[in-house]
Structure formats: structure tokens, C-alpha cells
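*Asks:* Just dropping this structure here.
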Protein chains: 2
Amino acid sequence: MRIAVDAMGGDFAPAVVIEAVADALREIPDVDIHLVGHQQKLAHYLLKAKLKESDRLHFVHAEEVVEMSDLSTAAIRSKRHSSITVAAGLVAEKKADGVISAGHTGAAVAATKVRMRMAPGVDRPAIATLMPAIGGRFVLTDAGANTDCDPLNLAQFAVMGELYAKFALGIENPRVGLLSVGGEDVKGNSLTKEAFKILSKMPINFVGNVEGNDMFHRVADVVVCDGFNGNVALKTAEGIAGAIGTWLKEALTKDAVRQVGAFLAQNAFRDLKAISNSEEYGGAPLLGINGVCIIGHGASSPKAVKNAIRVANEFAKHSLPEKIAARIQECNVAVGVKTAASKTDS
Amino acid sequence: MRIAVDAMGGDFAPAVVIEAVADALREIPDVDIHLVGHQQKLAHYLLKAKLKESDRLHFVHAEEVVEMSDLSTAAIRSKRHSSITVAAGLVAEKKADGVISAGHTGAAVAATKVRMRMAPGVDRPAIATLMPAIGGRFVLTDAGANTDCDPLNLAQFAVMGELYAKFALGIENPRVGLLSVGGEDVKGNSLTKEAFKILSKMPINFVGNVEGNDMFHRVADVVVCDGFNGNVALKTAEGIAGAIGTWLKEALTKDAVRQVGAFLAQNAFRDLKAISNSEEYGGAPLLGINGVCIIGHGASSPKAVKNAIRVANEFAKHSLPEKIAARIQECNVAVGVKTAASKTDS
């Protein structure tokens, strides 16, 4: 498949992205890459990585870059020649099958929505992220694409998250839970109470409300919420995990006995660190648009970016966007939603 | 001061509550307790704890109990003689200065709102909880009293949280942050964007948006959000911390070398555990009602319940509810909100 790579996206771009592209071309035999970015700025790094244009590597110029400080929608409107917009455009023009970026998340969402458009029947796209839990991982969606949602949006996130869980976690019939403040059906806010009703009517394995703490006991394979809540939950988990790491380090270096203990147990701490490592997934997909899009963490390593390319390639090979569109149509019918034509949505 | 104690509230009630009351009477010289519950059901435990009615301990009968499975509002409507409603009634009737319960949170919120009513100018009460962070604690509010909020509610939670931070953390001029999905002023959902504008006009130390991960670096002393988000954040933090504990245990017992290391470093793990221990605060206050209310965790230990009594006693001595009412009036004026008379709110 053909993957458009945003060379300018990420805290360590373009160096990390170009290193990742070199690795991807070596390790993933069936991928072609369209490297999108400011060619003059890339030249030095390409030379260093000994990368030249070939039938598997195409260079596409993009004059502008979306900076992390830019506002997403404004950036996409004013910077029509930014690397992420040009990369998304390649998919829209059928010159590529998917796009990956480790840059500005909001800009990637806005650019792909505008250029690639929503899949038929999907109202809003959702970021799906894999979260570690006891005994495995679960999908949290939406992790931040939409700050304000309506109940149908949440129900559609569930459908898209279900397909992603099947694909990424290999679960046959993923259990879908609704993030709420109590396990009982009646608990929640006005948004989740309405979403609960729609989810109950859909032909999915809906297991009801799931609380923030229960997520980590993997009571559901997919946890659905609006993008505001999802982002808060994701970052809260990151924040407290980081704090625990800091406290543990402090506690383990307090005296010599503890230091010896920590030295002997060092492999245990390495194991612990590995659990939260999401490098192998490379990033979070944006589901519900016409084409594959993987959004990497700003601080992505070359390995993470390479894996984002690998995952995007796999998604495209398995026609995940088309499968999502078909499943959404099916679920829309089940709850009596008329499927509108493909549309863009700010 | 006189504190009404819900004897029937909590997973281990009444045993734990009565043990706590005995300890409180011994250790806190200036507290009088009204123990509210089903007297026949309490008799055995009172005998065991050698507690008799005195000028410092009063027994108040309540025929009913709110079960954890009850719906909060329905329970308060149908069980008019439940221990929490009777206890809140004692404060309303000026027979007590505060109430504590480790029972059903929703029922405690509903009962105190109905019986004690909102403080003048306060639209909705908020649960304020102390969260651990690197280098200290911060106040998260609302942690679950209100699932649906308007922007003014959030602004008022900030004002109440500020006073609680002054009191509980001893901070002179607490920094107030708004929980959101980006540090920039313009980021957020429709609720937080409006709340941001109101908070900017209030005479408080508002430091802008705070992200879920930054909370744990203590970028603010008070973090404000709606009760749905607050509850999700709180439980997500609890959940991932619990999962990390499980993973750490597994990793440390994998082989003999790690086990020796873990043994030597055991005091470090004890220190780590102590950070998340909230027993000394006893519970989370419900701020914004006419009188003191502390809501304990369902699984509260006798020490936690005793400390809830101690904290309630301190709050009452320092007239925290009256100070909150005065400060709310001041901030309402600053943002042009007309202060309504004391009212109840479902």
C-alpha cells in the first residue's frame, strides 16, 4: 500500500521521521512511502539517511508546517500547503491509501476531515487509543478528536472502536462499555444517558456503564466517551503513572538498603515500564474518515513512527475504513438513523 | 461543636463508625456527637464499644437506611427517615453543626441539599477531594456531586475549592486551574470555554486551563471541573494506580533475585503506599450547603471516620460554610450574578 508520511510532524521532526522511513522501507516489504515536507529542509536528513527517490519512496513538497502552537482549525484554513494538509490530500486524490503524522493532533484531525472527508454515515471521526489494563489492553475512544459530542456520536465511536479492537487486539466480539460515573444503567450525565439508550439498540456487544477505575480491570474491551472526557482520562492516567514513577524513584534512593534492593529488582522496574510502552502501535488511529490515518505522539521515537507506518499499511491492506463505513451503515439502520452522504464537519 | 454522625453509612457500618465515634470522643476534646441510626441495630456494637449516652454523645433514632444499591434522589424522597436524612435534619434544625457519612455519596448529597439547603448565592454544591501530586496535594472539585453543570457552576466550584485549599492545605492564595484538554486559553469544550470567561473575571488567582497530566505536577492548587469529569478523573487515577500496584507486585515476584530486591526495598513501597492514603482527611467535604458535610469513602477505616469527625469539627469551628457563602456573594457580584435567596436544587 501507499502511505503518505508527514515529514514535518513531531517534536523531533524531520530527523526521527526520516530515520523511521528508512527503517520502514527496509523492514516492511510491501509499503510505498510518499514523504511530504519542505524538500530543502529535508535534504540534509535524507542525505544522512542515504535516502533517494525511488519507486518505493516519493518526495512530495509542502511549503508550510503546522506548529504545535498553531490553532488546529485556523492552521488548516490558513496553511493550505502545510505538510499534513498535502499528505491528507494525497489520500483524497487516491495517490495514497493512508496518512501518518506525529505532529499537531488537532491539525491532523482537521486536515484529514477537510481533505479526506467523513466516511458515509459517520458524523464525526474518533481517535482510538490503546490503554494498558490488568491482563491486556483496551481501546479508549474518543481520546480527543471531539470536545463536544451528541449521543449518536458516542454510539458511532462505539461501533468504530469495536472494529478497531477486533483488528488491533484480535478480539472476536469486543465488549463495549460506556464511560460513566456509576455501574448502574441510570447513572451518568445527560449525554451518556441518551447514548446508553442508542447503544442498547445497536447490534454490538454493549456491556453498559463502565467506571474510570474499572477500565483498568478490563471489564470492557472498548470504552466509549466524548473526546473531552477521553482526553482528560488519558492524560490523568499518564500523569498519575508519571507521578508514581517519580515517587518510586525517590523512595528507592532514600537509603543504601533500598538502593541495593532497587538494584536487584531493576528488571522488575524495566518490565513495569514496558507495560506502558505504546511504541509497537506507533500511534492512535483516527477512525471514521475516508482512508487510513494514524496520529503519533509528538515525542514519537523512530521505532514508534516506523510502527505507525506499519499499522497504517496493515489497516489499508485490510480495508479498515471501508469496513467501518459498512458497519456504521448497519448500526445506523438499527437505530433508525438515516445515513447522510459523506460530509465534512467542523 | 456538635457533629451528626450517620451510623449506618459505609461498607463496614455500623461497626467501623461506632469504633470511630469511641476514638473521636476520647481524642477530640471539644466535639459532641449525635449518633444517628437504627438504635436496635446499634445496641450490640455500642455495648461492645462501651458507649453510653452522655452529654457528649446523643443517640438519635432513624428507622431506615439508604442502601448502596438505592438511587440517590429516589432514596431521599422515599426514605424520609433514613439515617442520612435524619442526620442532615439535625443540622437544618440547628441541633448540630455538621454531618458526616461514609455511606451512599449520591444520597448524602441529595439529603443535605434537601434538608440543609444551599448556602445563599450558591447554585450547586460541590464535592472537593484532595489528590496526591508531586510535591504536595491539590483540590479536585467537583469530584462527583453534579453530573451536568453550567459555566457558572464551575466558577462557583472554583471559589469554594479555593477556600477549601486555604483551609486544608494552608495555602495563602491558591492557584485555581480549569481542567481542560489543552493549556491554551481557547482550548476546551463549550462548557469550559464559557467557564473560562467567568473565572477570568472573578477576584481569584485563576491560572487558566490545566491538563489531566499537569495536575500531578501541581500546576494549580485547585482544579475545577464538572462532577462527571471529576469523578472520571478521580477513578481513572485510582484505577491506574491500582493496576500499577498489581503489575509491580507481579514483576517483583518473578524470580528470586527480584524477590530479595523487593524485600530490601520494602520500606520504599510502604512510603509509596502512604502517599495515596487519604485516611487523615477522613473524606471529601460537600461545599456550598448551609452547614458542614463530610462524605467518607464507603470502605472507610475507623481512623478515616474519626478523622472525618475531626475535620467536620474544625470546619464548623472555623465557620467554613459561612465563609464560603460570603466569598460566593463577593464573586457573584464581580461577575454580575444576582444572588438568589437560599434555595434547594435537584
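The values are calculated or read from the model by the stated rules, or taken from the named source; none is laboratory data. All figures in this text were calculated on a predicted structure; none of them were measured in a lab. Here Cβ is always computed from backbone atoms with ideal geometry, including for glycine, and neighbour counts include all displayed protein chains. Heavy atoms of the whole protein, side chains included, go into the accessibility calculation; ligands, DNA and RNA do not. Shrake-Rupley method; radii C 1.70, N 1.55, O 1.52, S 1.80 Å.
*Asks:* Does any residue in segment A:163-192 that is free of Cβ contacts under 8 Å to residues at least 40 places away in the same chain come within less than 7 Å, Cβ to Cβ, of a residue that is in a loop (DSSP other than H, G, I, E, B) and among the basic types (Lys, Arg) six or more places away or on a different chain, and which pairs are these?
*Replies:* Qualifying pairs under 7 Å: A:Ser180/A:Lys187; A:Val181/A:Lys187.
*Asks:* Going by the structure shown, is A:Phe216 over 14 Å from B:Gly239 (Cα atoms), facing chain B (nearest Cβ under 7 Å) and not in a loop (DSSP other than H, G, I, E, B)?
*Replies:* Answer is no for this residue.
*Asks:* Go through B:Met202, B:Met215, B:Met160 for me and flag whichever is among the hydrophobic types (A, V, I, L, M, F, W, C) and more than 23 Å from B:Gly336 (Cβ to Cβ).
*Replies:* Details: B:Met202 fails: more than 23 Å from B:Gly336 (Cβ to Cβ); B:Met160 fails: more than 23 Å from B:Gly336 (Cβ to Cβ).
Among B:Met202, B:Met215, B:Met160, only B:Met215 is among the hydrophobic types (A, V, I, L, M, F, W, C) and more than 23 Å from B:Gly336 (Cβ to Cβ).
*Asks:* A:Leu191 fails exactly one of the following numbered conditions: (1) in a helix (DSSP H, G or I); (2) in contact with a strand residue (DSSP E or B) (Cβ under 6 Å, 6 or more places away or on another chain); (3) under 22 Å from B:Asn146 (Cβ atoms). What is the number of that condition?
*Replies:* Failing condition for A:Leu191: (2).
*Asks:* Considering only residues that are small (Gly, Ala, Ser) and open to solvent by 30 Å² or more (accessible area, probe 1.4 Å), look in segment A:145-177 and name the one that is farthest from the other protein chains (Cβ to nearest Cβ).
*Replies:* Across segment A:145-177, the extreme among qualifying residues is A:Gly170.
*Asks:* Let me ask something else. Could you grab the pairs with beta carbons closer than 8 Å, sequence gap of 6+ or different chains, first residue in segment A:97-112 and closer than 13 Å to A:Val5 by Cα, second one aromatic (Phe, Trp, Tyr)?
*Replies:* These pairs meet every condition: A:Gly98/A:Phe315.
*Asks:* Let me ask something else. Residue under question is B:Cys331, and the condition is that it be out of contact with any strand residue (DSSP E or B) (no Cβ under 6 Å at 6 or more places or on another chain), open to solvent by less than 40 Å² (accessible area, probe 1.4 Å) and more than 14 Å from chain A (Cβ to nearest Cβ); does it hold?
*Replies:* Answer is yes for this residue.
*Asks:* Next question. Regarding A:Asp30, is this residue more than 21 Å from A:His297 (Cα to Cα) and touching a residue at least 60 places away in the same chain (Cβ under 8 Å)?
*Replies:* yes
*Asks:* If A:Arg327 meets every condition in (1) free of Cβ contacts under 8 Å to residues at least 40 places away in the same chain; (2) in a helix (DSSP H, G or I) apart from one, which number is that one?
*Replies:* Checking A:Arg327 against (1) free of Cβ contacts under 8 Å to residues at least 40 places away in the same chain; (2) in a helix (DSSP H, G or I), the one that fails is (1).
*Asks:* May I pose another question? Checking the condition open to solvent by less than 30 Å² (accessible area, probe 1.4 Å) and assigned by TED's automatic domain parsing to the domain that holds B:Thr85, which residue from B:Gly239, B:Gly212, B:Gly188, B:Gly296 passes?
*Replies:* From the options B:Gly239, B:Gly212, B:Gly188, B:Gly296, the qualifying one is B:Gly296.
*Asks:* I've got another one for you. Would you confirm, using the coordinates I've provided, whether A:Arg56 is under 24 Å from A:Glu314 (Cα atoms), in contact (Cβ under 8 Å) with a residue 60 or more places away in the chain and basic (Lys, Arg)?
*Replies:* Numbers: under 24 Å from A:Glu314 (Cα atoms): yes; in contact (Cβ under 8 Å) with a residue 60 or more places away in the chain: no; basic (Lys, Arg): yes.
No: the conditions fail for A:Arg56.
*Asks:* If you go through segment B:244-277, how many residues are in contact with a Pro (Cβ under 8 Å, 6 or more places away or on another chain) and among the small types (Gly, Ala, Ser)?
*Replies:* Residues of segment B:244-277 that are in contact with a Pro (Cβ under 8 Å, 6 or more places away or on another chain), as a first pass: B:275-276.
With the extra rule that they be among the small types (Gly, Ala, Ser), the set shrinks to B:276.
Total meeting the criteria: 1.
Conditions tested, residue by residue: (1) modelled with pLDDT under 95; (2) among the small types (Gly, Ala, Ser).
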| site | (1), (2) |
| --- | --- |
| B:Gly136 | yes, yes |
| B:Val139 | no, no |
| B:Pro151 | no, no |
| B:Met160 | no, no |
| B:Leu163 | no, no |
| B:Arg175 | no, no |
| B:Leu179 | no, no |
| B:Glu184 | yes, no |
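*Asks:* Output the residue which, of all residues in segment A:226-236 that are open to solvent by 10 Å² or more (accessible area, probe 1.4 Å) and touching a residue at least 12 places away in the same chain (Cβ under 8 Å), is farthest from the chain's Cα centre (by Cα).
*Replies:* Per the criteria, the residue is A:Asp226.
*Asks:* Could you tell me whether B:Leu35 is part of a strand (DSSP E or B), open to solvent by less than 50 Å² (accessible area, probe 1.4 Å), aliphatic (A, V, I, L, M) and in contact with a His (Cβ under 9 Å, 6 or more places away or on another chain)? Talk me through it step by step, then tell me what you get.
*Replies:* On the way: part of a strand (DSSP E or B): yes; open to solvent by less than 50 Å² (accessible area, probe 1.4 Å): yes; aliphatic (A, V, I, L, M): yes; in contact with a His (Cβ under 9 Å, 6 or more places away or on another chain): yes.
Yes: the conditions hold for B:Leu35.
*Asks:* Is it the case, given these coordinates, that B:Pro321 is under 30 Å from A:Gly242 (Cα atoms) and at pLDDT 95 or above? Spell out how you get there, then give the answer.
*Replies:* Values: under 30 Å from A:Gly242 (Cα atoms): no; at pLDDT 95 or above: yes.
So B:Pro321 does not fit the description; no.
*Asks:* If you don't mind, another one. Condition test on B:Arg137, is it over 11 Å from the mean Cα position of the chain (by Cα) and within 30 Å of B:Ala274 (Cα to Cα)?
*Replies:* yes
*Asks:* Since B:Lys306 meets every condition but one in (1) buried (at least 24 other Cβ atoms within 10 Å of the Cβ); (2) at pLDDT below 95, which condition does it not meet?
*Replies:* Every listed condition holds for B:Lys306 apart from (2).
*Asks:* Would you please name the residue that is farthest from the other protein chains (Cβ to nearest Cβ), looking only at residues in segment A:33-47 that are within 21 Å of A:Ser301 (Cα to Cα) and free of Cβ contacts under 8 Å to residues at least 12 places away in the same chain?
*Replies:* Only one residue tops the list, namely A:Leu47.
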